[in-house]
1. Based on the mean of other Cβ atoms within 10 Å per residue, sort peptides 71-80, 125-134 so the most packed one is first.
2. I need to check one value: relative contact order of the stretch 6-144, counting alpha carbon pairs closer than 8 Å and at least 6 residues apart, in percent.
3. Does the chain come out rounded, prolate or oblate by the C-alpha gyration tensor, with a ≥ b ≥ c the root eigenvalues, rounded set by a/c under 1.5 and, if not, prolate when a/b is larger than b/c and oblate if not?
4. Which ordering of 4, 89, 47 is given by a fewest-first count of other beta-carbon atoms within 10 Å?
5. In deg cm²/dmol, rounded to 500, what helix-only [θ] at 222 nm does the chain give when every DSSP H run of at least 4 residues adds -39500 (n - 2.57) and the total is split over its residues?
6. If each of residue 116 and residue 3 carries a label point 7 Å out from its Cα toward its Cβ, how far apart are those two points in nm?
């Protein structure tokens, strides 16, 4: 398994509360449920998953750099609220050679207007949003095809 191509799956603020945080918007699955789903899917695709969550913007930037230097195949990132505020994550995505895929459980464009801008999206290869946990699965499929 150590020789499999690795996909980093990075999750931003408040995503550690999935399953209990506004389930009418984000669903009932926990981040651990999503990780188990992705690891099973990755195994069928010949990939490994390195899934992480942080409430800290700089940590997410550091992990993007780590993915770059580790030679990751891709990054799937659900930056949570940082999607709409973080030029640092935008710059990190543009600064690395690893393809970045933006992921959202809900569809930010159908929500409050402040969520309509995505700094991550401006640097990402593609965005998968509005499909609940399946947004991660769709992004993983796209990353596997690279």
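1. Result, highest mean first: 71-80, 125-134.
2. On the way: 265 pairs, mean separation 37.7, N = 139.
Once divided by the residue count of the stretch 6-144, the mean separation gives 27 percent.
3. Values: a/c = 1.62, a/b = 1.16, b/c = 1.40.
Because a/c hits 1.5 or more and a/b fails to exceed b/c, the chain counts as oblate.
4. Values: 4 14, 89 24, 47 20.
Least crowded to most crowded, the residues run 4, 47, 89.
5. Working: 5 runs with 53 residues, N = 146.
When only DSSP H runs of four or more count, the value is -11000 deg cm²/dmol.
6. With each label point 7 Å from Cα toward Cβ, the separation is 5.1 nm.
No value in this document is a laboratory result; all are computed from the given coordinates. This structure is a prediction, so every number in the text was calculated from the model and none was measured. All Cβ positions, glycine included, derive from the backbone under ideal geometry; neighbour counts span all protein chains shown.
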